[in-house]
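Trainee: Take this structure, written in structure tokens, and hold onto it; I'll ask about it next.
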């Protein structure tokens, strides 16, 4: 079993990071407690824009979790030996992030206390039930995969080659299941949105492919980022040669380009015919109140492409770190650009518009803002705090896992 | 089988908002929640603003509440079947005790008629008692389903129920009862002799956003507009604004019928002084 190879100085940095992340998690937990006490009125979601930062982050987490499982199972299914050293880290990252995706639904629910209704009264026609099932499966598979890989390593160390081979064999078998499950996890998450006729901005057959593509971008980006952080903090020994690094960088580049291509095709299909209800979402994305997120997504994508296009930079850890951070934020922006503009222009938008919903204070209800024709939304401090808490929590668990779990390369 | 539906005659609607207020009262809707609204289809961002320039103005009202769709997107997406379509009479209801507050139905509804309780319900100052229907109401056919309560819990979705607490007792929805111009008709769409059926059969009633295939059980008779009845005159630019461009009364009726207008139910009275 590998032990962390921390030096004294690294230790300090590590614990400083852990302390900062823990603080953010605690702030998020307090915010969540407040939200449970007072209700979702503490968020800025209202009847018109009725999903916001939480659901965007949920969709982002689902995508980000892709990389690990796809990487480790591709390594097994296609027998890519050079990827195997990072298989365990990749599966671990997948399991952590998909768990976070499932959990961030809770602060979005009006009645988290009734969560078991999803099992007791499951309505099998609902895409949400499909997603609930596939995410649970995905979590179990990535945890199992990780367990098999770790136990195979341990058996090998104990000299029990035969049993270890058997475990590895199971891991390969599981990988064959994991790959299609991963593809469906992203597709079903897309179909939650894409099947809705009430939201022309979402209602496109291209959404599932675009979700798979963007999942590959953000997923691979997170694995690359974790590898960079790991080598900086020297937590686990991973045997990764420059050739593999360059290959990962190239893959990231290709995934970003494919994703951009799909989105461009979508935008063109909306713009050229110019159907107003279809244009509304695109217009909101680029010229609405969130234009900086709309354009930001593309600037980030182009910047990441520019970095990765230079062959010499594909093995540079600074360049890889920069490109993967840009790619992660780009996909986060994509999720925001998808979820929120979908709500801003309701199909029926005559005055006075839609009421904002119950639980608002007397003075607010009597103000001129109790109806909205065009949806108004910007996340409230509570939403930022809870979301930041989740993201910090993911980072924290990954860091602690790298330090305390046997995730290093075998042999 | 019964299939409850409603026809709203837009040519009769005067935009008085009585139905919206009556609904709010009968169902004890808290501040910020409106199951039923009267929208202005005109030219502004505010209600009661017509489109166009004098004298070529047009405006009508669109009372909007749950459409009780036959193929309801909200029912399809609800992960726990808290929103369900009652098979006995086709009314779409929400079970206050089962809803988990995920708001997927609000994303799915094309008509934007669903309301969420973002926090504990707040009422106008001093109103700490139900002003309308008192007490909980459980679905007549599914007695475990709480489909109406004056004290809604925070964190659940609600919407128009066709006044389920009234129709379960043989009454009509409150908006139908209070409409001062009789613009709303409620009845059984499956009964060919019902008033709603005969109006729809006469062919002039439309559904909202029919292209989406939701097949609402609420129908609208299109509004009666000046251009509908006087096509020969409406486009004459030489007509002086002070001159009457409206033909004699008998001829209005004739021309309206020629334009596919259904007399008897929908024709508005001609304004005096024209």
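Trainee: Kindly provide the set of residues from the range B:27-58 that are within 22 Å of residue B:169 (Cα to Cα) and surrounded by 22 or more Cβ atoms within 10 Å (Cβ to Cβ), ordered by number.
Mentor: Passing the criteria: B:27, B:29, B:35, B:36.
Trainee: Out of the residues in the range B:167-179 meeting the condition of being in contact with a helix residue (DSSP H, G or I) (Cβ under 8 Å, 6 or more places away or on another chain) and not in a helix (DSSP H, G or I), tell me which one is nearest to residue B:223 (Cα to Cα).
Mentor: B:179
Trainee: Given the criteria more than 14 Å from chain A (Cβ to nearest Cβ), buried (at least 20 other Cβ atoms within 10 Å of the Cβ) and either closer than 30 Å to residue A:113 by Cα or modelled with pLDDT of 95 or more (or both), does residue B:148 qualify?
Mentor: yes
Trainee: Looking only at the range B:43-60, which residues are within 13 Å of chain A (Cβ to nearest Cβ) and touching a strand residue (DSSP E or B) at 6+ places or on another chain (Cβ under 7 Å)?
Mentor: B:43, B:47, B:48, B:49, B:50, B:51, B:59, B:60
Trainee: Further question: Every residue in the range A:153-169 that is touching a residue at least 40 places away in the same chain (Cβ under 8 Å) and either under 30 Å from residue A:100 (Cβ atoms) or crowded, with 17+ Cβ neighbours inside 10 Å (or both), please.
Mentor: A:153, A:154, A:156
Trainee: What tally of residues in the range A:84-107 results from selecting those that are in a helix (DSSP H, G or I), within 14 Å of chain B (Cβ to nearest Cβ) and crowded, with 22+ Cβ neighbours inside 10 Å?
Mentor: Total meeting the criteria: 1.
Trainee: A further question on this structure: Can you tell which of B:203, B:187, B:182 is in a strand (DSSP E or B), farther than 23 Å from residue B:118 by Cα and more than 14 Å from every other protein chain (Cβ to nearest Cβ)?
Mentor: B:187
Trainee: Here's something else I'd like to know. In the range A:360-403, what count of residues is obtained for those that are assigned to a helix (DSSP H, G or I) and within 14 Å of chain B (Cβ to nearest Cβ)?
Mentor: Matching residues across the range A:360-403 total 7.
Trainee: Within the range B:1-39, count every residue that is assigned to a strand (DSSP E or B), touching a helix residue (DSSP H, G or I) at 6+ places or on another chain (Cβ under 7 Å) and within 14 Å of chain A (Cβ to nearest Cβ).
Mentor: 2
Trainee: Could you please find all residues in the range B:93-109 being in a loop (DSSP other than H, G, I, E, B) and more than 7 Å from chain A (Cβ to nearest Cβ)?
Mentor: B:95, B:96, B:97
Trainee: Quick one: which residue in B:200, B:167 is surrounded by fewer than 23 Cβ atoms within 10 Å (Cβ to Cβ) and modelled with pLDDT of 95 or more?
Mentor: B:167
Trainee: Checking the condition within 7 Å of another protein chain (Cβ to nearest Cβ), farther than 25 Å from residue A:38 by Cβ and touching a helix residue (DSSP H, G or I) at 6+ places or on another chain (Cβ under 7 Å), which residue from B:79, B:73, B:63 passes?
Mentor: Matching residue, one of B:79, B:73, B:63: B:73.
Trainee: Looking only at the range B:61-72, which residues are touching a strand residue (DSSP E or B) at 6+ places or on another chain (Cβ under 6 Å) and under 15 Å from residue B:10 (Cα atoms)?
Mentor: Once the filter is applied, which keeps residues that are touching a strand residue (DSSP E or B) at 6+ places or on another chain (Cβ under 6 Å) and under 15 Å from residue B:10 (Cα atoms), the range B:61-72 yields B:61, B:62, B:63, B:64.
Trainee: Can you confirm whether the range A:347-354 contains a residue that is surrounded by fewer than 24 Cβ atoms within 10 Å (Cβ to Cβ) and free of Cβ contacts under 8 Å to residues at least 12 places away in the same chain?
Mentor: For the range A:347-354, residues surrounded by fewer than 24 Cβ atoms within 10 Å (Cβ to Cβ) and free of Cβ contacts under 8 Å to residues at least 12 places away in the same chain: present.
Trainee: Something else about it: Among the numbered criteria (1) within 13 Å of chain A (Cβ to nearest Cβ); (2) in contact (Cβ under 8 Å) with a residue 60 or more places away in the chain; (3) surrounded by fewer than 22 Cβ atoms within 10 Å (Cβ to Cβ), which one does residue B:133 miss?
Mentor: Of everything listed in (1) within 13 Å of chain A (Cβ to nearest Cβ); (2) in contact (Cβ under 8 Å) with a residue 60 or more places away in the chain; (3) surrounded by fewer than 22 Cβ atoms within 10 Å (Cβ to Cβ), residue B:133 misses just condition (1).
Trainee: Hey, among the residues in the range A:343-359 that are within 7 Å of chain B (Cβ to nearest Cβ) and touching a helix residue (DSSP H, G or I) at 6+ places or on another chain (Cβ under 7 Å), which one's farthest from residue A:46 (Cα to Cα)?
Mentor: A:347
Trainee: Shifting gears a bit: Go over the candidates B:207, B:165 one by one and state the one that is farther than 30 Å from residue A:110 by Cα and in contact with a strand residue (DSSP E or B) (Cβ under 7 Å, 6 or more places away or on another chain).
Mentor: B:207
Trainee: For the range A:272-313, give me the residue count where each residue is at positive phi and either surrounded by 13 or more Cβ atoms within 10 Å (Cβ to Cβ) or assigned to a helix (DSSP H, G or I) (or both).
Mentor: The qualifying residues number 0.
Trainee: Of (1) touching a helix residue (DSSP H, G or I) at 6+ places or on another chain (Cβ under 9 Å); (2) closer than 30 Å to residue B:209 by Cβ; (3) without any contact (Cβ under 8 Å) to a residue 40 or more places away in the chain, residue A:211 satisfies all except one. Which?
Mentor: (3)
The values are calculated or read from the model by the stated rules, or taken from the named source; none is laboratory data. Predicted, not measured: the structure shown is a model, and the values here were computed from it. Quick reminder, even Gly has a Cβ in these numbers, built from the backbone with ideal geometry, and neighbours come from all protein chains shown.
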